[in-house]
Amino acid sequence: MSDSPWRDRIVAPDADGLSRAAGLLKSGSVVAFPTETVYGLGADAFSESAVGEIYRLKNRPTWNPLIVHVADVAAARSLAAAWPDRAEELAARFWPGPLTLVVRRAPRLPGIGAANDTVAVRVPAHPVALDLLRASGLPLAAPSANRSEGISPTTAEHVVRSLPDVPMVLDGGPCSWGIESTVLDLTGDVPRLLRPGALGLRALREVAGPIALPVAETADGAARSSPGMSRRHYAPRARVILCEDVREVERGGLAEPVGVLAYEGGDGAEVLSSDPREYAADLYAALHRLDDAGFATILVQEPPRTEDWLAVRDRLSRSAA
C-alpha cells in the first residue's frame, strides 16, 4: 500500500485513526468503514447535509433509502416509533450481525435516506464498525461504499477505486461475510423479506416464524423500505451473463475478452466454493478481480435454485440485469 496514491486516505483503525474518523463524522463529513458484510460509507444519520453527501459521492438516486448502523439495541429502539416484540427477539438472537430490521421511524429522525415512515436499522458485528459507532456517538447511515449500481466493496482498496474522493477509509481487512445483510420488514402482521442476504431464512424462521417473500420486483423510482431492491445493482463494468453451463455458451457474439466465474472446475475459470456461504464471501472480490483484469464479458455459472443460494442468486441476477 506504500506506493498507492490512496495511502493517505486508507487509515489503520487504531486510536488515532478512530479519533480522526469520529471527528470527520461529527463535523458533517463521511467516512468509509468495514462491516462484517461489506464496507459502508457512513454519515451522521441526524444530519441531512451529511447524508446528502453520501448520495452525492455515490451518485445514488434519492429514492433509494439507507440502512442506519447503531452500536446496540437501545440505540436502535431510540430510532423507532414502535419496537415490536419480534424485533426484540430477533435482535437478541442475531445482533450484532448481518440482519437489518425495518420498523416505524421515530419522528425525530430526518426523512432523508429513510423510506416514508420507516427506518432500516442494524447493529454490525465488525469490531471496527462498533468502535467507530462508540467513538463518534452517532447513528451512522451507511450504504455500501461504492458508486451506485457498482460492485460492493469488501476491501479498503475496493472503496477508494470506486470512490476516489472519499475523505477516509478505516481499513479493517477483507469482510468476512462478503455479501450484504438480510433485510426483514417488521411493520406488518407477518415479517416480509425485502432483501435476501448473509443471514439465511432458515435461521430467521426459527425466531420469527413464517416469513413472506417479496411479492414483485420494485420499479426504479418507486417507494421502498430497503436498499438493494433496484433491478440493476452490484454490477461490474463488464457485461454479466448467467448460464447453466458456461462451456456450452456460443461466444461468437460476445464482447472479448470473456471471463468465467463458476463453482465447478473449468479451464481458465475463476472458481469459487460450492458452499453458498463461502461462495458469497468471495463473490464481490471475484467480480472485482475479473473486472480489474479487463474482461468485457463475464460468464457466470448459474447457482442452484435452492433457498441456501437465494442471496447469491439475487445479487447475480441484479448484476446481470
Within segment 235-271, the residues whose backbone N lies under 14 Å from a label point placed 7 Å from the Cα of R147 along the Cα-to-Cβ direction are 235-239
For T182, what charge total do you get from the other residues with a beta carbon under 15 Å from its beta carbon, if Lys and Arg give +1 and Asp and Glu give -1?
+3
Taking 0.36 nm per intervening residue step and subtracting the Cα-Cα distance, what contour gain separates S273 from D189 on full extension?
26.5 nm
On full extension of the chain, what length is gained from A212 through R108, given 0.36 nm per residue of separation minus the C-alpha to C-alpha distance?
34.5 nm
Of all DSSP beta bridges in the chain, antiparallel share, percent nearest 5:
45
Please find, in a Gaussian network model of the chain (springs between Cα atoms separated by less than 10 Å), the residue of G209, G40, G111 whose mean-square fluctuation is greatest.
G209
Evaluate the Debye formula for segment 58-210 with equal point scatterers sitting on the alpha carbons, no solvent, and hand back log10 of I(q)/I(0) at q = 0.13, 0.20 Å⁻¹, in q order, two decimals.
-0.60, -1.42
Can you give the convex hull volume of the alpha carbon atoms of the chain per residue, in Å³?
128
In whole Å, largest first, what are the principal axis extents of the Cα atoms in segment 1-143?
51, 31, 22
Excluding A281 itself, calculate the net charge of residues whose Cβ lies under 13 Å from the Cβ of A281, where each Lys or Arg counts +1 and each Asp or Glu counts -1.
-3
Pairwise FRET efficiency - L254 versus A15, Cβ, R0 = 51 Å, nearest 0.05
0.50
In nm, to one decimal, how far is the modelled label at D85 from the one at S27, with both set 7 Å along Cα→Cβ?
4.9
Fluctuation leader among A255, A142, A311 - the chain, Gaussian network, Cα springs under 10 angstrom
A255
Contact order normalised by length for the chain, with contacts defined as Cα pairs under 8 Å and 6 or more residues apart; what percent is it?
20
Multiply the residue gap between A92 and D8 by 0.36 nm, knock off their C-alpha separation, and tell me the result in nm, one decimal place.
26.4 nm
For peptides 196-206, 277-287, sequence by mean Cβ density within 10 Å, most packed first:
277-287, 196-206
Phi to ³J(HN,Hα) by Karplus 6.51 cos²θ - 1.76 cosθ + 1.60 over segment 82-97, Hz, x for Gly, Pro
8, 10, x, 4, 5, 5, 4, 5, 5, 5, 4, 8, 10, 9, x, x
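Bear in mind that the values in this text are calculations on the coordinates, not laboratory data. Computed from a predicted model, the values in this text were never measured in an experiment. Cβ atoms come from the backbone with ideal geometry, glycine included; neighbour counts cover every protein chain shown.
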